[in-house]
Every structure is written in structure tokens, then in C-alpha cells.
Amino acid sequence: MILLEKVSKYYPHDKVPALDEVSLHIAPKEFVFLVGKSGAGKSTLIKMLTREEKPDYGKIMVGGIDYDFMKKRQIPHLRRRIGVVFQDFKLLPNRTVYENVAFALEIVGVSNAEIKRTVPKVLDLVGLSGTEKKFPGELSGGQRQRVAIARSMARQPKILIADEPTGNLDPETSWGIVRLLEEINNFGTTILITTHDEQIVNQLRKRVITIRNGKMIGDQKNDGHYDLDAVRTRIVKRPLATARRTAPTADEIRRATNSRPIATPETTRPTPRRRVI
């Protein structure tokens, strides 16, 4: 579950906010496209979710975790729960395909035995069995993106964010990547994709959220299409007294789930009391 409640982000010297009171709710197992022109605020929203940036105003909750209570040392634990795929792959060039995927498990302390069981499975999932010993430079663009997806799925995240995953690929390869993401979604993983690919968005007919100048101006829940101006799906703000709420608020989710910050050894220690002198 992803919940943003009136999230705003301002950068110095910008004429308009990067995000302007964005509110949205993405349920578990959804497949969602996030569209908008360059500079609309898509990347900023992604950075909010991965905690690379903090909002100036508003509330963010992901998987029952309230970001307001998250400490800096807990951010790596959050990012292990969210898989992220980038347009430029971000693979380690001097490591093999197997080693690139295994690295994502090594840094979180997974045993060698578990790594040996997991890596072949995720490589088979993305259609790369037999490429374990190849280096990224020996692969095509589509294959490199599949390695990136395998690496992001190795920890079995509940949420997978793909930031322009087909931006550097030809149309045929792009469709292969999107079909792979659909398959991962069918296994129960929530998928959020930012894209400029109008053809893919229009053919898949998934949920489409449109952002323009930092504002969320359109949200097509079903049978969505690529519409940067959101002419037919513009969000109209109604008075609070008559507005019909379609998504739970952060406070309601916190009360229902009794959500807390990520549990780590540090957060389970009792807080020492200050001595009053």
C-alpha cells in the first residue's frame, strides 16, 4: 500500500513546487502508470517514496510504515522492502550477471546457501538462465534491464518501482520488459511505472495517474489512457463537507494497522530517560 496525503516539495529558486499537495492511494497488487511531461514531478515523487527526498509538507505511508517517524538509520531497511528499477540499469560493470543479482542479497546479510538458491530462480523468472557468467557489457540493453529487474526482485519486495524502464530500449524490447513487469504483478507485487511511452500505456489499459507542474491532475482508475492534459479525467476538488472519500487517510490506516516505524535492533531498545538536574 502506498499513501500520499497532501504531499508538497519545494526547491530553492523554482517558480512552482516540484510537488503541490499530491494525494493518492495505491492498493496492494495494483499496476499503475505515472505519466507527465519532463519536469512534471514524477521523479520527485519517486524520490519521496524511496526517501531520497523528504517532503516539506504532507504525509507518506508505504506498507504501513509512517515516514514521519522514520529515522535516518532506518532508511536502508525501508529500501530493502522496495525494489527500484532505473532507466540506466545501474549495474556493476565488473561483476557478472550472477554477481550483480547476488550483491543485492549480500549487502543485507543473506547466507551463501540462500543466495545460491535464490539467484538462479530470479534469473529464470526474467528469462536470463544461462547468462550467469556474462558481464553487463556483453548483454543487450533489454538483457541488462532484465538483470536490473532480477536484482530488484531478489529480496522479494512487495512494491516494485520502475523509473522509465523502457526509455533506452527499442519498441520490441520495451514490450518484453513491460510483459515481464505484468507477470511480476500477477505474482502479487505492486507495480508503479513512470513512463513517456504512450503506446504501452494505451494498450495495457491499466490505472494511469497524470502529473503536471507538480499537481496530480488526473487519475484513471480503470482502462486508463495516455492523457498529459487529463482533459477527460481531471480531478476536481470538492468542498470537504460534500466530498466523497475514496481512499483511507493516513490516520485511519495507522489506527487500523497500529503502524510503527521499521523495527530494527536500534528501535527496539528502550529510550533512556533524561536526568533532571
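Taking GluC sites (Glu not before Pro) across the range 1-54, the ones in a DSSP loop with at most 14 further Cβ atoms lying within 10 angstrom of their Cβ are GLU52. Take every Cα pair under 8 Å whose residues are at least 6 apart in sequence, average their separation, divide by the length of the range 82-156, and the relative contact order is 51 percent. Extents of the range 62-193, largest first, come to 43, 33, 25 Å (Cα atoms, principal axes, whole angstrom).
Computed over the Cα atoms of the range 43-111, pair by distinct pair, the Kirkwood hydrodynamic radius stands at 14.0 angstrom.
Length, then width, then depth: along the principal axes, the Cα atoms of the range 82-156 run 30, 26, 23 Å. When each of SER174, SER43, SER129 is scored by the number of other beta-carbon atoms lying within 10 Å, the sequence from fewest to most is SER129, SER43, SER174. A Förster radius of 22 Å combined with the Cβ-Cβ distance from THR50 to LYS72 puts the calculated FRET efficiency at roughly 0.95. Working from label points 7 Å from Cα in the Cα-to-Cβ sense, the ARG117 to LYS29 distance is 2.5 nm.
Cross-linked pairs LYS42/LYS134; LYS59/LYS158; LYS6/LYS221: Cα-Cα separations exceed 25 Å for LYS42/LYS134. Ratio of Rg to Rh for the range 119-215: 0.98 [Cα atoms; Kirkwood radius as inverse mean 1/r over pairs]. Across the range 51-68, rounded Karplus estimates of 3J(HN,Hα) from the backbone phi angles (6.51 cos²θ - 1.76 cosθ + 1.60, θ = phi - 60°) give 6, 6, 10, 10, x, 7, 9, x, 10, 10, 9, 9, x, x, 8, 8, 5, 4 Hz, Gly and Pro being marked x.
In this label model, ASN213 and GLU183 are separated by 4.3 nm, measuring between points 7 Å along each Cα→Cβ vector.
Residues GLU172, GLU99, GLU138, arranged from fewest to most other Cβ atoms within 10 angstrom of their Cβ, appear as GLU172, GLU138, GLU99. Listing LYS6, LYS15 from fewest to most neighbouring C-beta atoms within 10 Å gives LYS15, LYS6. Fully extending the segment from PHE103 to HIS13 would add 28.5 nm, taking 0.36 nm per residue of separation and subtracting the current Cα-Cα distance.
Here, each number is a calculation from the coordinates, and none is a lab measurement. From a predicted model like this one, the values you see are computed outputs, not experimental measurements. We place every Cβ from the backbone using ideal geometry, glycine too, and count neighbours over all the protein chains shown.
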